1. Carbon-plus-sulfur fraction of the accessible area of region 170-236, 1.4 Å probe, in percent?
2. If you count only protein heavy atoms and use a 1.4 Å probe, how large is the accessible surface of residue 280, to the nearest 10 Å²?
3. Averaged per residue, what accessible surface does region 202-358 expose to a 1.4 Å probe, in Å²?
4. Starting from the Cα gyration tensor of region 249-358, take the square roots of the eigenvalues, sort them a ≥ b ≥ c, and report rounded, prolate or oblate (rounded when a/c is under 1.5, otherwise prolate if a/b is larger than b/c, else oblate).
5. How much of residue 328 can a 1.4 Å solvent probe reach, expressed as accessible area in Å² and rounded to 10?
6. Testing the spin-label approximation: label points 7 Å from Cα along Cα→Cβ at residue 70 and residue 286. State their distance in nm.
7. Is region 137-256 best put as rounded, prolate or oblate by its Cα gyration tensor, with a ≥ b ≥ c the root eigenvalues, rounded for a/c under 1.5, and otherwise prolate when a/b is larger than b/c, oblate when not?
8. With a ≥ b ≥ c the root eigenvalues of the C-alpha gyration tensor of region 92-150, is it rounded (a/c under 1.5), prolate (a/b larger than b/c) or oblate?
Amino acid sequence: MKNPLRVKGVLLALLLGAAGPGFAALVPTEWAHRQPFTVPAPGVVQLALPPAAYDTAQPGLADLRVVDADGRELPFLLDRNEPVGRTTVGPVPLPRPKAFEVPPTADMTQLVLTTGTTEKIEAVLLETAAPFFLKAAHVEISDDGTAWQSLGPAVPVFRQFGAEQLRLPLNRQAAAFVRVTLEDFRTRPVAFTGARLVLGPLRAVPPVLSPAAASIVRREEFAGETVLTVALAGRNLPLAALGLDVADPLFMRRVTVAIREAQGTAAGERLIAAGTLYRVALEGTEARSQLELPLPDGFSPPTREVLVHIQNGDSPPLTLNGASARQHVCNLYFNAPAAGTYRLLTGNPQADAPRYDLAAFTGDMRQARATAV
């Protein structure tokens, strides 16, 4: 019996080869940047776009081209591996559970949510007006409200000095009921008034992320605030998250990420993301930490730098060892008629996006037996 992936790869090679007859040789001077790469054998090739391709191309990669050694253009397919559906840049309305109950208990607070949905739930966001607290929250889920399944060790929930952590991960599980238990024996009870459901993103496949170079090139200290300038590997990278390497054993900080941009005749900043980074230790448990800030889906900074604001309040500045980033992987597929040297062309501001009519084969491309270069 023939291997279906191998057969599919052969068919894709034929399709790709047939998609681009008659392409003329490009004029090299029209593209300012050319990145050579070597293909070891003919067939379908998978190439993860390097940071330099994003940095020198138009923001939407409209001027990206693949050419052979003779300058002939080859049709290609870009698999951007981007989330689709409800996860988009900007705020997304979060539904409330069908019911939110706080049954009376001794030495603990229990929150029981009737979710009212059969969709997979990414997380539960608790709501409270309490200004200052630190609690351990144990999360359980149930299909019938009687038999409960623990989701693991307790997670910290807190609000202190402008930083807060009220997100309880459910790890994309469907649950008719969610129960949250918070111990009140050692600390005062906290009045939680409601919750929101973060529903799982609608993705055909899980996102593929890879490390992206990032470094702190400037640090400025102000009253109650640290401002970092973080250099990236290039412009227009499809960033997914930005992290900090913090040496302090315990801390909580409110953090925002912004980019510089012109606002009328003056220079200003545009807020991109906000959240809390922390490392906390609850009594009887190991320290839990969150050192990475997720960035909105679809975010591609138009500059090679981002600004990170760390709100210190009355606490001393953090001890930082560096920064890190992760990006969505964008794979380029094309059919190489022969082994040899090929080139990525970028840097043509007048070029329009090519139309190769290959978008229908995206799913097949991911499964094809391709040569990764």
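1. Carbon-and-sulfur percentage of accessible area, whole number: 55.
2. In the full protein context, residue 280 sits at about 10 Å².
3. Working: 7670 Å² over 157 residues.
The answer is 49 Å² per residue.
4. Values: a/c = 3.35, a/b = 1.77, b/c = 1.89.
Judged from the Cα gyration tensor, region 249-358 comes out oblate (a/c at least 1.5, b/c at or above a/b).
5. 10
6. 6.0
7. Details: a/c = 2.94, a/b = 1.43, b/c = 2.05.
In terms of gyration-tensor shape, oblate.
8. Numbers: a/c = 1.81, a/b = 1.17, b/c = 1.54.
In terms of gyration-tensor shape, oblate.
The values are calculated or read from the model by the stated rules, or taken from the named source; none is laboratory data. Note that the structure is a prediction, hence the values are computed from the model and not measured. All Cβ positions, even for glycine, are placed from backbone atoms using ideal geometry, and neighbour counts span all protein chains on display. Remember, those area values only see protein heavy atoms, side chains included, never the ligands or the DNA or RNA. Shrake-Rupley method; radii C 1.70, N 1.55, O 1.52, S 1.80 Å.
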